[in-house]
Amino acid sequence: MKKKLLILIGSLWILLICVGCQSYDISKMLFIASVGIEKKEDQLSGYFYLPLSSDIGKTENTKNKGQGEFAKTSGRTIPELFQNLQYSTSLTINFRHVSSIVLNEELLQKEFIEELMDFIKFSFEIDFNCYLFVTKEKMEELFDFKNPNQESVLNSMLVSTSDVSALFLVAPPIHFLEFVQRYFNKRTIILPLLDLEEIWTIESEPSKNFHAQSAVYYYEDKIKEVIRNESSPYFSKSTKFMDHMDKIPLSIKHYKMKQEYKDILRLKIEFECDIFQTDNKPTTQEIEAFVYKRIKSYIEEFEEVDPLDLKFNNKAYRTNCSYDTLDIQIKIRKN
C-alpha cells in the first residue's frame, strides 16, 4: 500500500510539473543571437543577428556562404527597437539567447547606458548572460560580414564569445553583469573595440571582415581608445605573448601582474622569457629594464582614465596611493 501511495504521489508531482510547462513550436520562433545599436540624429537603429541552423553548434556556415543575416529596426528608445522587431514578423521573437550587445562608441554616455541597464533589468527580454562590445564602424557593415572560407567569424566572436578569448588582443570580453557592477562602483571599464578591415577578396572585390585588436577605456563618462601597440599586451590579461627588443624576439610566458597597496602602490610583475637568438643575447637586467619602460609608457599614456583602477582600490584598501609614487617591480623567473 505504501509503495502504491509513493507511486501515486510521484505521478501527481510529474503531472503538476508538466501542467506548468509551456510547449514551444521552434519552427514558429525567431532566435536572436546578437544585438547592435547605433544612433543617427534622434533615432536609434537596432541590428539583430539571426543565426541559421548551420550556425548552431559549429562555425561552418554553408547555407549563406559565410555572409551574416540580420534584421534592422528603428525607434526613439531601446524598448521601441525590440517592439518594432516583433511587429515586423508573425514569428515569436526569442531574445533569451542573445550572447552579445554591440554599441556604437558615441553611445557610451550616462543617459544611454542607464537606459540600456534599466531595459535589460525590467523587461526580461534579454538574459543577463551576455557580453558588451563597442565599435566605430557602421553597424550595418559590421553585421553584413562576408567570409569566403564559409566560416562565420561573427558567430564565433559574438555568439560563442567565452570560447574564443584568444581573438581579443587588447581587452577580453566584458560580461554585462561585470560592466554594471564596475559602472555603479565608478570603476574603470575596458571594452573590446570591433574594427572592420578589408582582408578578404571575393570575386576580385575586396571584402571587409572584422577583428578586435583594439579596445576602449570608459571611465566617468570619458572615452579613450587603446590601439594595440608594443605595451598593450602587458595589460591585456594574456599570460603568453610575443615582443621585440631591438629586433630580438622575446617570448613572454606565464605572465602575471599583481597590485599591492600599502604606503605606496607596488606593481609586481613576474614572467618567464625565451629568447630566439643565440648571438648578443640581452641580460636579465636589460630585459627587466625593457619591460619596465613598456609598463611605464602605457600607464603614462592612459593615466587620465585610471588604467589600474587606482581610485576605487584606494577606497577599498583605505590607502592614498598615486601614480606619481608608483613602484614597478619586474622579476624574470627561470624556465
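The values are calculated or read from the model by the stated rules, or taken from the named source; none is laboratory data. Just so it is clear, the model here is predicted, and its values are computed rather than measured. Cβ: placed from backbone, ideal geometry, glycine included. Neighbour counts: every protein chain shown. Please note that ligands, DNA and RNA were not included when accessible areas were found on the heavy atoms of the full protein model with its side chains. Shrake-Rupley method; radii C 1.70, N 1.55, O 1.52, S 1.80 Å.
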Across region 86-134, the tally of residues that are within 22 Å of Arg182 (Cβ to Cβ), assigned to a helix (DSSP H, G or I), open to solvent by 70 Å² or more (accessible area, probe 1.4 Å) and not charged (D, E, K, R) stands at 1
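One line per residue, one yes/no per condition, for (1) in contact (Cβ under 8 Å) with a residue 24 or more places away in the chain; (2) open to solvent by less than 70 Å² (accessible area, probe 1.4 Å):
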{"position": "Ile248", "(1), (2)": "yes, yes"}
{"position": "Gln259", "(1), (2)": "yes, yes"}
{"position": "Lys262", "(1), (2)": "yes, no"}
{"position": "Ile269", "(1), (2)": "yes, yes"}
{"position": "Asp274", "(1), (2)": "yes, yes"}
{"position": "Asp279", "(1), (2)": "no, no"}
{"position": "Glu288", "(1), (2)": "yes, yes"}
Among the residues of region 243-250, are any closer than 11 Å to Ile330 by Cβ, in contact with a helix residue (DSSP H, G or I) (Cβ under 7 Å, 6 or more places away or on another chain) and aliphatic (A, V, I, L, M)? no
Which members of region 293-334 meet the condition of being under 16 Å from Ser232 (Cβ atoms) and either among the aliphatic types (A, V, I, L, M) or over 30 Å from the mean Cα position of the chain (by Cα) (or both)? Ile295, Ile299, Val305, Leu308
Can you pull out every residue in region 238-270 that is in a loop (DSSP other than H, G, I, E, B) and more than 24 Å from Pro173 (Cα to Cα)? Asp246, Lys247, Lys262, Asp263, Ile264
Sort through Phe241, Phe290 and tell me the only one that's over 25 Å from the mean Cα position of the chain (by Cα) and under 30 Å from Asp195 (Cβ atoms). Phe290
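In region 55-85, what count of residues is obtained for those that are modelled with pLDDT under 85 and either open to solvent by 10 Å² or more (accessible area, probe 1.4 Å) or under 19 Å from the mean Cα position of the chain (by Cα) (or both)?
At the first step, the residues of region 55-85 found to be modelled with pLDDT under 85 are 55-70.
Remaining after also requiring either open to solvent by 10 Å² or more (accessible area, probe 1.4 Å) or under 19 Å from the mean Cα position of the chain (by Cα) (or both): 56-60, 62-65, 67, 69-70.
Residues meeting the conditions: 12.
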Trp200 fails exactly one of (1) out of contact with any Lys or Arg (no Cβ under 6 Å at 6 or more places or on another chain); (2) modelled with pLDDT of 95 or more, namely (2)
Identify, from the list Tyr218, Tyr298, the residue that is of a type outside the set (Asp, Glu), assigned to a strand (DSSP E or B), within 25 Å of Lys186 (Cα to Cα) and open to solvent by less than 40 Å² (accessible area, probe 1.4 Å). Tyr218
Residues that are open to solvent by less than 90 Å² (accessible area, probe 1.4 Å) and without any contact (Cβ under 8 Å) to a residue 60 or more places away in the chain, drawn from region 309-326: Leu310, Asn313, Asn314, Ala316, Thr319, Ser322, Tyr323
